[in-house]
Amino acid sequence: MTLALTSPVMVASGCGGTGRELAAYGALADLGGFVTRSITIAPRAGGPAPRILETPSGLVHAVGLQNPGIDQFLALELPWLLQEGARVFVSVVGRSLGEYGELARRLGRTPGIAGVEVNLSAPDVEDGSVFDAREPFHAASVVAAVHRDLPRGTPVLAKLRTDVLRVAEVARAVLDAGADAVVVGNALPAAMPDGRPAGLSGPATGPLALRCLTEVVAAAPGATVVASGGIATVDDVRSALRNGATAVQVGTALLHDPTTAHRLHAGIGEDEA
Ligand SMILES: Cc1cc2nc3c(=O)[nH]c(=O)nc-3n(C[C@H](O)[C@H](O)[C@H](O)COP(=O)(O)O)c2cc1C
């Protein structure tokens, strides 16, 4: 199944807020997709402050998967995004395979979503409250659980960690388990100055994510691959597309300049004109 995006530029999970913050800077409907922050069954309050620090190589963040939980999300956030005409990919994360299945069933009963993105790595949450999907077999089990409980025709994107050494192996496993696309990658495992687990996003992740992309494209020819990590300029988008990506996700760059996704969408559109 293809993702059938109208633009190759998407908003990365957790970097576009609820969408309302971003909509002030351009129509969400113009973009290829809006990936929500990762949604869990129960609400999560997130980690203590400070949650985000700027460093020369990018943002270090320990948001801790703050989200309102699936009930509130479906009641308050999703309807607004759909009404704006956004192609919404709901990112999900669970404690267990059972929770992933439950999230898929809830989303499967919700008309209008463009797809489900399965978050297989949360580098700032390492307290056992998220299913450990580092091993290819475990990652594949998560994708199979989500795939099984979604209606046919709802694309499943598997978001992999930026692990250059194992990404090809994990990608093959999740594609075999029914993923329609893989997203490479996520924030890198890092730490806050006080030692709390954190993610590192932004410029430093770009070349690593690009290497993950080339590894996956070589290992799984023909697979739909979406690039995430350090995308900030039209040249970054071109490079990802030239190296086999179908689309890109813009994350940290949006926190610096909320017009970035729309600028990249316009810039790539000019290439095609
Ligand atoms: C503040 C912040 C919050 C994030 N929250 C999530 C999240 O909830 N789920 C997820 O899969 N990725 C999350 N990410 C990771 C991004 O979606 C993206 O994969 C990563 O930051 C690499 O891309 P970038 O360098 O363009 O930011 C978050 C990143 C940042 C900076």
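Per-structure values
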| read-out | value |
| --- | --- |
| Residue count for region 225-243, restricted to those that are among the acidic types (Asp, Glu) and within 14 Å of the ligand (Cβ to nearest atom) | 1 |
| Residue match in region 182-205 (condition: out of contact with any Leu (no Cβ under 8 Å at 6 or more places or on another chain), in a loop (DSSP other than H, G, I, E, B) and within 11 Å of the ligand (Cβ to nearest atom)) | yes |
| Number of the exception - ALA198 against (1) over 25 Å from LEU3 (Cβ atoms); (2) open to solvent by 10 Å² or more (accessible area, probe 1.4 Å) | (2) |
| Lone qualifier among VAL125, VAL60 - being touching a Leu at 6+ places or on another chain (Cβ under 7 Å) and outside any strand (DSSP E or B) | VAL125 |
| Scan of region 1-39 for residues that are within 10 Å of the ligand (Cβ to nearest atom), assigned to a loop (DSSP other than H, G, I, E, B) and more than 20 Å from VAL184 (Cβ to Cβ), ordered by number | GLY17 |
| Residues of region 208-224 classified as without any contact (Cβ under 8 Å) to a residue 60 or more places away in the chain, more than 11 Å from the ligand (Cβ to nearest atom) and surrounded by fewer than 24 Cβ atoms within 10 Å (Cβ to Cβ), total | 11 |
| Hits in region 63-76 (condition: within 16 Å of ASN119 (Cα to Cα) and surrounded by 15 or more Cβ atoms within 10 Å (Cβ to Cβ)) | VAL63, GLY64, LEU65, GLN66, ASN67, ILE70 |
| GLY153 surrounded by fewer than 18 Cβ atoms within 10 Å (Cβ to Cβ), small (Gly, Ala, Ser) and touching a residue at least 40 places away in the same chain (Cβ under 8 Å) | yes |
| Residue match in region 68-84 (condition: charged (D, E, K, R), near the ligand (Cβ under 9 Å from one of its atoms), at pLDDT 95 or above and part of a loop (DSSP other than H, G, I, E, B)) | no |
| Matching residues in region 86-102 - criterion: being hydroxyl-bearing (Ser, Thr, Tyr) and either open to solvent by 10 Å² or more (accessible area, probe 1.4 Å) or on the phi > 0 side of the Ramachandran plot (or both) | SER96 |
| Of all residues in region 103-118 being open to solvent by 10 Å² or more (accessible area, probe 1.4 Å) and touching a strand residue (DSSP E or B) at 6+ places or on another chain (Cβ under 6 Å), the one that is nearest to MET10 (Cα to Cα) | ALA114 |
| Search result, residues across region 1-54 that are more than 20 Å from GLY199 (Cβ to Cβ), among the aliphatic types (A, V, I, L, M) and touching a Ser or Thr at 6+ places or on another chain (Cβ under 7 Å) | LEU3, LEU31 |
| Which listed residue is of a type in the set (A, V, I, L, M, F, W, C), away from the ligand (no atom under 12 Å from the Cβ) and in contact (Cβ under 8 Å) with a residue 24 or more places away in the chain, from ALA42, ALA49, ALA62 | ALA42 |
| Total residues in region 230-264, condition out of contact with any Cys (no Cβ under 8 Å at 6 or more places or on another chain), open to solvent by 60 Å² or more (accessible area, probe 1.4 Å) and assigned to a helix (DSSP H, G or I) | 5 |
| Single unsatisfied condition, GLY128 versus (1) on the phi > 0 side of the Ramachandran plot; (2) in contact (Cβ under 8 Å) with a residue 40 or more places away in the chain | (2) |
| Test: THR162 is under 14 Å from the mean Cα position of the chain (by Cα) and hydroxyl-bearing (Ser, Thr, Tyr) | yes |
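The values are calculated or read from the model by the stated rules, or taken from the named source; none is laboratory data. Bear in mind the structure is a predicted one, so any value in this text is a computation, not a measurement. Every residue, glycine as well, gets a Cβ built from its backbone with ideal geometry; the counts of neighbours run over all protein chains shown. Note: accessible area is taken over every heavy atom of the protein model, side chains too, but ligands, DNA and RNA are not part of it. Shrake-Rupley method; radii C 1.70, N 1.55, O 1.52, S 1.80 Å.
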